[in-house]
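The values are calculated or read from the model by the stated rules, or taken from the named source; none is laboratory data. Predicted model only: the values in this text are computed from it and were never measured. Note: ideal-geometry Cβ built from the backbone for every residue, glycine included; neighbour counts use all protein chains shown. Note: accessible area is taken over every heavy atom of the protein model, side chains too, but ligands, DNA and RNA are not part of it. Shrake-Rupley method; radii C 1.70, N 1.55, O 1.52, S 1.80 Å.
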Amino acid sequence: MAQHRTGGGNRLVRLTTRVFALGISISVFLFIITSSHSDSDSDSLQNLGDDIATNAYSGYGSRRSVLALKSDPLKSRLDQIRKQAEDHRSLVLAYASYARKLKLENSKLVRAFADLSLNFTALVNKPSYRALSLSDSPSIDESSLRQFEKEVKERIKMTRQVIAEAKESFDNQLKIQKLKDTIFAVNEQLSKAKKQGAFSSLIAAKSIPKSLHCLAMRLMEERIAHPDKYEDEGKPLPPEIENPKLYHYAIFSDNVLAASVVVNSATKNAKEPWKHVFHVVTDKMNLGAMQVMFKLKDYNGAHIEVKAVEDYKFLNSSYVPVLKQLESANLQKFYFENKLENATKDTTNMKFRNPKYLSILNHLRFYLPEMYPKLHRILFLDDDIVVQKDLTGLWKIDMDGKVNGAVETCFGSFHRYAQYMNFSHPLIKEKFNPKACAWAYGMNFFDLDAWRREKCTEEYHYWQNLNENRALWKLGTLPPGLITFYSTTKPLDKSWHVLGLGYNPSIGMEEIRNAAVVHFNGNMKPWLDIAMNQFRALWSKYVDYDLEFVQACNFGL
C-alpha cells in the first residue's frame, strides 16, 4: 500500500512539470509576436513623422520639417515679423481707401499711407530678407534677421504715428461731412419754410381784416340810407380845394380807416389845420364809404375832397400804359392765375405777382400835375404813414429847380439803383448809374411847375411802355419813379420821413420821436394782427374809436 502511494506521487510531479513547460512555451511565443507588432508600429510612426516633416512648412516656397522648426526658433520669429509687416501694410491700405472715401485725395495723409504701403512691400521683397524665407538651410542668419526686425519695427512705429494723426483728422472730417449734410438738410427745410412763410405773410398782409371790411360796409350802408346828406355831385366846389396858396396833400387809397388816420394825424399836429387841403382819391367801390367817413367830423377845420379815380376821365387805356398793359392776356395770366404751388417756387418774384402793382390807384402819383392843374406844389402821402409834426416847413424848402423832394434810403451798397432795375439791359446800363442812391416813396414833396417843365409824365410813359414784358424792372412804382425823377430829386433831411415800421423792429424810439412822418412800409401794417406791438400805438392813437361805426366793428379788441 505504501508502494502504491509513492507511484501516484511521481505521476503528479511529472504532470505538473509538463504543464509548466507548456506555459513557458506559450509565453515565449506571445513575446515574440508582440515584439514583431511593436517594431511595425514604430516604423509607421517614423514614416508619418517624415511625411509631416516633408510637408509641414510649405509657406514662402520652402520645405521644412517639424524637427527643423523645433530646432531653429529663428524661423518662427521670421514668420512672425513678416506677418506683422503684412498686417500693417494692409492697415495703411485700408486707411488710404477710407481717406479717399472722405474725399481727401489731395491730402498729405493719403500720400503718406501710399508711401508706407510701398515701403512695407519693398522691405519684405528686399533680396537679402526674401532669401531668409526661401533658403533651404536649416538655420537662419541671426544678424540678418535682427536687421530685418529692426527695419520692420521702425516702419510699424511710423505707421502707428501716422494712423494716430489720421484718426483725429478722419474724425474731424467725418464730423465736418456730417455737419455739412445736416446743414444742407436744414437749409432745404429752411428754404421751404421761408417760401411757405413768405406766401402766408403775403396772404396775411394783403387780406382785408374782418373789422376793416365791416367798417366799409357799415359806412356804405349809411351812405345808401342817407344819400342827400353825403352827396357832393352838383354842389359848387369850395374855393379852398384849388387855392394854390394853401397846403395841399394827395392821398390815394382804398382803405377807409388808414386814410382817415393820415388825415387825422396831419390835422391834429398842424399849427393851422384850416389851411390844409386833403385830396383823397379812391375807387368807385369805396367812394361812398370814404365820403361818409370824412363827413362824420370836421378834422379841425381842414378841407377834404373825396373823389373816385373814375372821375378823372383822361385816365384811360389809350393814355395810361398800365391800363393798356392790363388788357394783355400774358399779364393777366401772370397776376390772376397765381397759384400756391407756383408762387412758392420763387419767393423773390412772389410779392411782385400781387395785382396791386398794376392798380391805377398805385400809379396815380405819376399824374399829379394833370389831376391838379391849378396847384404849384403838393405833398404826396401813402396811406400807411402817420404824421407826427407840422409839415408846413416842407413848403419853405428851396427845391433848386428839382421836381421831387424825398428822403434817400441808401447806405453802403444797399438801396442803390442796381437793386431796383435790370442793369444787364443795354438801355438801363446806358442811361443810369447802378450806384446812384435810391429814395423812398411815402412822403414826397412835388414841385408841379418843375414837373410840367421837365415833362416827367411823358418820361414815365416812355419807360413804362418799354417795360411791358418786365425786362427793365420787375414791377411796382418805385423803379419807374427812380427812373422818371433820376436827375430831378432833391434829398430831404432824414428826420422828415422815417421808414421801416412795418418790417424793422430795431428802429430806435428816439429816431421815431424826432420824425415828422413815420412810415409803416412792409407787410406788418398797423391795422393787421401781425403788426409789431411796439409801433402799433403810434398809429392806433389816431383812430377815432369814439365813432359809432368804428365801435360797431370791434376795432381795438
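Of the residues in the range 437-446, none is of a type outside the set (Ser, Thr, Tyr), closer than 26 Å to LEU237 by Cβ and touching a Pro at 6+ places or on another chain (Cβ under 7 Å).
The listed residues are TYR503, TYR462, TYR486, and the only one of them that is of a type in the set (Phe, Trp, Tyr) and touching a Gly at 6+ places or on another chain (Cβ under 8 Å) turns out to be TYR503. Checked against (1) part of a helix (DSSP H, G or I); (2) buried (at least 17 other Cβ atoms within 10 Å of the Cβ), ILE251 meets all criteria but (1).
Condition check ((1) modelled with pLDDT of 95 or more; (2) of a type in the set (S, T, N, Q); (3) assigned to a loop (DSSP other than H, G, I, E, B); (4) surrounded by 12 or more Cβ atoms within 10 Å (Cβ to Cβ)) across all residues:
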position	(1), (2), (3), (4)
VAL322	no, no, no, yes
GLU327	no, no, yes, no
LEU331	no, no, no, yes
LYS389	yes, no, yes, yes
GLY405	yes, no, no, yes
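Against the numbered list (1) over 27 Å from ALA259 (Cβ atoms); (2) surrounded by 15 or more Cβ atoms within 10 Å (Cβ to Cβ); (3) modelled with pLDDT of 95 or more, GLY401 comes up short only at (2). For the range 452-467, indicate whether the set of residues that are under 30 Å from the mean Cα position of the chain (by Cα) and modelled with pLDDT under 95 is non-empty. Among the residues of the range 452-467, not one is under 30 Å from the mean Cα position of the chain (by Cα) and modelled with pLDDT under 95, which makes the answer no.
If you go through the range 513-535 and keep only what is crowded, with 17+ Cβ neighbours inside 10 Å and in a helix (DSSP H, G or I), you end up with just PHE535. If you go through the range 173-209 and keep only what is in contact (Cβ under 8 Å) with a residue 12 or more places away in the chain and over 14 Å from the mean Cα position of the chain (by Cα), you end up with GLN173, LEU174, GLN177, PHE199, SER201, LEU202, ALA204, ALA205, LYS206, PRO209. One residue stands out in the range 478-500 among those that are in contact (Cβ under 8 Å) with a residue 40 or more places away in the chain and either on the phi > 0 side of the Ramachandran plot or among the hydroxyl-bearing types (Ser, Thr, Tyr) (or both): the one that is surrounded by the fewest Cβ atoms within 10 Å (Cβ to Cβ), namely TYR486. Going through (1) modelled with pLDDT of 95 or more; (2) open to solvent by 60 Å² or more (accessible area, probe 1.4 Å) one by one, LYS284 falls short only on (1).
Figure legend. Inter-residue proximity from the range 264-288: first residues farther than 20 Å from GLU240 by Cβ, second residues open to solvent by 10 Å² or more (accessible area, probe 1.4 Å) and in a strand (DSSP E or B), beta-carbon distance below 9 Å, spacing 6+ or different chains. Indicated pairs: THR282/PHE252; THR282/VAL306; THR282/LYS307; LEU287/VAL306; LEU287/LYS307. If you go through the range 235-279 and keep only what is among the hydrophobic types (A, V, I, L, M, F, W, C), under 18 Å from HIS376 (Cα atoms) and touching an Asp or Glu at 6+ places or on another chain (Cβ under 8 Å), you end up with ILE241, LEU246, ILE251, VAL277, PHE278. Here is the figure for the range 501-557: residues that are hydroxyl-bearing (Ser, Thr, Tyr), touching a helix residue (DSSP H, G or I) at 6+ places or on another chain (Cβ under 8 Å) and free of Cβ contacts under 8 Å to residues at least 60 places away in the same chain total 1.
Are any of the residues in the range 417-438 on the phi > 0 side of the Ramachandran plot and under 27 Å from the mean Cα position of the chain (by Cα)? Looking for residues that are on the phi > 0 side of the Ramachandran plot and under 27 Å from the mean Cα position of the chain (by Cα), one finds none in the range 417-438, hence no.
Scanning the range 296-314 for residues that are open to solvent by 20 Å² or more (accessible area, probe 1.4 Å) and hydrophobic (A, V, I, L, M, F, W, C) yields LEU296, ILE304, VAL306, PHE314.
Would you check if GLU511 is more than 18 Å from HIS425 (Cα to Cα) and acidic (Asp, Glu)? When the stated conditions are applied, GLU511 passes them.
Among the residues of the range 450-477, the one identified as part of a helix (DSSP H, G or I), surrounded by fewer than 19 Cβ atoms within 10 Å (Cβ to Cβ) and aliphatic (A, V, I, L, M) is LEU466.
Find the residue count for the range 407-420, including only residues that are out of contact with any Lys or Arg (no Cβ under 6 Å at 6 or more places or on another chain) and open to solvent by less than 10 Å² (accessible area, probe 1.4 Å). Qualifying residue count, the range 407-420: 1. Among the criteria (1) out of contact with any strand residue (DSSP E or B) (no Cβ under 9 Å at 6 or more places or on another chain); (2) in a helix (DSSP H, G or I); (3) buried (at least 17 other Cβ atoms within 10 Å of the Cβ), the one THR267 does not fulfil is (1). Condition first: modelled with pLDDT of 70 or more, out of contact with any strand residue (DSSP E or B) (no Cβ under 7 Å at 6 or more places or on another chain) and closer than 30 Å to PRO73 by Cβ. Can you find one or more residues in the range 92-108 that meet it? Yes; the residues of the range 92-108 include at least one that is modelled with pLDDT of 70 or more, out of contact with any strand residue (DSSP E or B) (no Cβ under 7 Å at 6 or more places or on another chain) and closer than 30 Å to PRO73 by Cβ.
Matching residues to (1) in contact with a strand residue (DSSP E or B) (Cβ under 7 Å, 6 or more places away or on another chain); (2) more than 30 Å from ASN300 (Cβ to Cβ); (3) in contact (Cβ under 8 Å) with a residue 60 or more places away in the chain:
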position	(1), (2), (3)
LYS374	no, no, yes
ARG377	yes, no, yes
VAL387	yes, no, yes
LEU391	yes, no, yes
MET399	yes, no, yes
ASN404	yes, no, yes
SER413	no, yes, no
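Taking every residue in the range 216-244 that is under 20 Å from ASP311 (Cα atoms) and pairing it with any residue that is surrounded by 13 or more Cβ atoms within 10 Å (Cβ to Cβ) and among the small types (Gly, Ala, Ser), at least 6 positions away or on another chain, the pairs with Cβ-Cβ distances below 6 Å are MET220/GLY288; MET220/ALA289; ARG223/GLY288. For the range 376-387, the tally of residues that are under 43 Å from the mean Cα position of the chain (by Cα) and assigned to a loop (DSSP other than H, G, I, E, B) stands at 3.
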